[in-house]
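> Structure below; questions to follow.
The values are calculated or read from the model by the stated rules, or taken from the named source; none is laboratory data. The structure displayed is predicted, hence computed values, not measured ones. Cβ placement follows ideal geometry from the backbone for every residue including glycine, while neighbour counts extend to all protein chains displayed.
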Amino acid sequence: MLILAADDQPMILKSIEYKLIEVGFEVLSASNGQEAIDFFDSHQPDLAIIDLNMPIKSGYEVIDYIRTALSSNIPIIIMSGENEEKTIVEVFNMGVNDYIEKPVRINEVIVRVKRLLNIKINVNELQQKGVVKSGLLIKNGIGVVIPCYNEEKRLKTKEFANFVSNNHGYHICFVNDGSKDKTLEVLKEFQQGKEGYISIYDCEKNGGKAEAVRLGILYLVNDKSLDYIGFLDADLSTDFADFDDLAKTLSASDYKLVAGSRINRMGANIIKQSSRDIISKIINKIIRTILRLEIQDTQCGAKIMKREVAENMFNTPFLTSWLFDVEIFLRMKKYYGAEIVKKLICEQPLKRWVHECGSKFSFKDSIKILGQLSEIARKY
């Protein structure tokens with residue numbers, strides 16, 4: 001049987017396509033509404049899975065074409081991030097057969113497809129390990145920059161692979177910041193077979209963490225399927241479960257940036273080096289004086305933002321390598337205004353953060369920071 005799948009997020013579309021093929025269907029993949037209509041005319045599929053918000057022609061127009069213009073009764077499943085009751089009622093009144101709200105487990109999509117086509121559901125078939133695992137199809141496309149400098153022995157490729165295979169819609173961009181070891185070779189080997197959701201941006205020379213993150217974000221901004229873009233440390237001192245929580249907060253709010261925070265609180269596993277912690281508190285107090293924003297932990301290496309912030313706050317290089325987070329907040333303050341920006345930034349405590357051995361940040365660097373903070377204060 002032939003399935004038409006239409007969605008403007010390539011990673012989600014590819015995951016659906018692979019899983020449907022894996023369980024025995026033929027698939028036509030369309031990245032916009034007009035392409036979906038053209039495929040319908042030329043191939044007459046047995047079922048259609050349609051996203052509502054697509055370019056050129058919307059999902060609503062595709063539904064109307066199938067039901068009104070063609071008078072076709074083929075099963076239609078809407079798979080969308082829209083969750084308003086009015087929207088759901090509207091599309092059912094237009095004649096759709098099922099409505100799936102993102103995020104959704106990919107196996108649930110398969111079950112619903114088979115139910116509408118009166119095909120017996122084989123539980124063992126759904127549980128088998130194939131090209132695509134039974135992962136989550138998320139609501140928004142999310143890009144994550146991972147700056148890497150001499151991470152050959154520390155890079156947790158297993159953890160990265162496990163996350164992206166179970167959370168379809170994420171794209172990870174590793175930025176090799178002029179590493180002198182075999183980091184680039186490790187990354188290229190890891191990327192093989194995962195090119196659809198793993199990319200590598202290679203910097204010939206070491207430019208520092210700030211520039212690596214900046215270049216990675218500008219690279220991901222070119223991918224229009226990504227709604228949110230963030231960054232995370234290569235050692236995963238903040239794990240992906242916490243990062244995903246930051247993304248969910250961003251998706252369910254009017255915030256434009258959500259920052260992780262390593263504030264100690266009951267129930268959280270926050271482990272720091274004591275000497276590093278003392279130095280951090282001193283620096284943090286100075287930073288808060290400069291920012292004049294109620295942000296407790298500016299330097300946590302886990303942040304996620306909407307495209308608008310990524311497009312406008314990373315166009316020019318930062319003054320410093322380690323304090324670019326402070327500059328992001330100051331740039332947002334200047335761009336949106338001192339009062340408005342307070343409503344656009346959310347600081348969210350992490351459930352887990354562990355200082356990993358092998359950090360590139362030294363005691364000598366912390367002394368340099370005092371001079372860099374003075375430089376930042378003068379410019380902004």
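> Residues that are free of Cβ contacts under 8 Å to residues at least 40 places away in the same chain and crowded, with 23+ Cβ neighbours inside 10 Å: does the stretch 179-202 have at least one?
Restricting attention to the stretch 179-202, the residues satisfying the condition of being free of Cβ contacts under 8 Å to residues at least 40 places away in the same chain are 179-195, 198-202.
Then keep just the ones that are crowded, with 23+ Cβ neighbours inside 10 Å; that gives 183, 187.
Yes; the residues of the stretch 179-202 include at least one that is free of Cβ contacts under 8 Å to residues at least 40 places away in the same chain and crowded, with 23+ Cβ neighbours inside 10 Å.
> In the stretch 14-36, what count of residues is obtained for those that are hydrophobic (A, V, I, L, M, F, W, C) and surrounded by 22 or more Cβ atoms within 10 Å (Cβ to Cβ)? Talk me through it step by step, then tell me what you get.
From the stretch 14-36, those hydrophobic (A, V, I, L, M, F, W, C) are 16, 20-21, 23, 25, 27-28, 30, 36; that's our starting set.
Okay, now just the ones that are also surrounded by 22 or more Cβ atoms within 10 Å (Cβ to Cβ), so 16, 20, 30, 36.
Number of matching residues: 4.
> Another question, then. Which one is farthest from Leu136 (Cα to Cα) among residues in the stretch 59-104 that are in contact with a strand residue (DSSP E or B) (Cβ under 6 Å, 6 or more places away or on another chain) and of a type in the set (D, E, K, R)?
Filtering first and then ranking leaves Asp98.
> With touching a Ser or Thr at 6+ places or on another chain (Cβ under 9 Å) and at pLDDT below 90 as the only criterion, which of Asp277, Asp235, Asp227, Asp239 stands out?
Values: Asp277 fails: touching a Ser or Thr at 6+ places or on another chain (Cβ under 9 Å); Asp227 fails: at pLDDT below 90; Asp239 fails: touching a Ser or Thr at 6+ places or on another chain (Cβ under 9 Å).
Being touching a Ser or Thr at 6+ places or on another chain (Cβ under 9 Å) and at pLDDT below 90 holds for just one of Asp277, Asp235, Asp227, Asp239, which is Asp235.
> Assess whether Glu22 counts as being at pLDDT below 95, touching a Leu at 6+ places or on another chain (Cβ under 9 Å) and acidic (Asp, Glu).
Details: at pLDDT below 95: yes; touching a Leu at 6+ places or on another chain (Cβ under 9 Å): no; acidic (Asp, Glu): yes.
In short, no.
> OK, next. Just for the stretch 42-83: of the residues that are charged (D, E, K, R) and touching a helix residue (DSSP H, G or I) at 6+ places or on another chain (Cβ under 9 Å), which one is nearest to Asn118 (Cα to Cα)? Before the answer, list the steps.
Kept after step one, since they are charged (D, E, K, R), are these residues of the stretch 42-83: 46, 51, 57, 61, 64, 67, 82.
Retained after the next criterion (residues that are touching a helix residue (DSSP H, G or I) at 6+ places or on another chain (Cβ under 9 Å)): 51, 57, 61, 82.
On the way: Asp51: 23, Lys57: 30, Glu61: 27, Glu82: 27 Å.
That would be Asp51.
> Is it true that some residue in the stretch 63-84 is outside any strand (DSSP E or B), under 24 Å from Ala247 (Cβ atoms) and free of Cβ contacts under 8 Å to residues at least 12 places away in the same chain? It would help to see each step written out before you state the result.
Going through the stretch 63-84, the residues outside any strand (DSSP E or B) turn out to be 63-75, 81-84.
Next cut, under 24 Å from Ala247 (Cβ atoms) only: 81-84.
Still in the list and also free of Cβ contacts under 8 Å to residues at least 12 places away in the same chain: 84.
Yes, the stretch 63-84 has at least one match.
> What are the residue pairs meeting all of these: first residue in the stretch 91-110, first residue in the same structural domain as Tyr170 (by TED's automatic domain parsing), second residue modelled with pLDDT under 95 and outside any helix (DSSP H, G or I), Cβ atoms under 6 Å, and 6 or more apart or on different chains?
Cβ pairs passing all conditions: none.
> Inspect all residues belonging to the stretch 22-42 and state whether any of them is under 19 Å from Asn167 (Cβ atoms) and of a type in the set (S, T, N, Q). Steps first, answer last, please.
The initial filter retains those residues of the stretch 22-42 that are under 19 Å from Asn167 (Cβ atoms), namely 22.
Next cut, of a type in the set (S, T, N, Q) only: none.
No, the conditions are met nowhere in the stretch 22-42.
> Considering only the stretch 146-178, state which residues are hydroxyl-bearing (Ser, Thr, Tyr) and surrounded by 19 or more Cβ atoms within 10 Å (Cβ to Cβ). Steps first, answer last, please.
First pass over the stretch 146-178, keeping only residues hydroxyl-bearing (Ser, Thr, Tyr): 149, 157, 165, 170.
Within the stretch 146-178, Tyr149, Tyr170 meet the criteria.
> Okay, moving on. If you check Val221 against the conditions, is it β-branched (Val, Ile, Thr), surrounded by fewer than 20 Cβ atoms within 10 Å (Cβ to Cβ) and under 22 Å from Asp244 (Cβ atoms)? Talk me through it step by step, then tell me what you get.
Numbers: β-branched (Val, Ile, Thr): yes; surrounded by fewer than 20 Cβ atoms within 10 Å (Cβ to Cβ): yes; under 22 Å from Asp244 (Cβ atoms): yes.
Taking the combined requirement at face value, the residue satisfies it.
> State whether one or more residues within the stretch 331-344 are at pLDDT 90 or above, of a type outside the set (A, V, I, L, M), part of a loop (DSSP other than H, G, I, E, B) and more than 14 Å from Leu257 (Cα to Cα).
There is at least one residue in the stretch 331-344 that is at pLDDT 90 or above, of a type outside the set (A, V, I, L, M), part of a loop (DSSP other than H, G, I, E, B) and more than 14 Å from Leu257 (Cα to Cα).
A quick yes/no check of all residues on (1) closer than 15 Å to Gln372 by Cβ; (2) in a loop (DSSP other than H, G, I, E, B); (3) at pLDDT 95 or above:
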position: Arg288; (1), (2), (3): no, no, no
position: Leu293; (1), (2), (3): no, yes, no
position: Asp297; (1), (2), (3): no, yes, no
position: Gly301; (1), (2), (3): no, yes, no
position: Met305; (1), (2), (3): no, no, yes
position: Ala310; (1), (2), (3): no, no, yes
position: Pro317; (1), (2), (3): yes, yes, yes
position: Ser321; (1), (2), (3): yes, yes, no
position: Val326; (1), (2), (3): yes, no, no
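> Could you list, in sequence order, the residues of the stretch 4-46 that are acidic (Asp, Glu) and within 21 Å of Asn140 (Cβ to Cβ)?
Of all residues in the stretch 4-46, those acidic (Asp, Glu) come to 7-8, 17, 22, 26, 35, 38, 41, 46.
Residues satisfying the conditions are Asp7, Asp8, Glu17.
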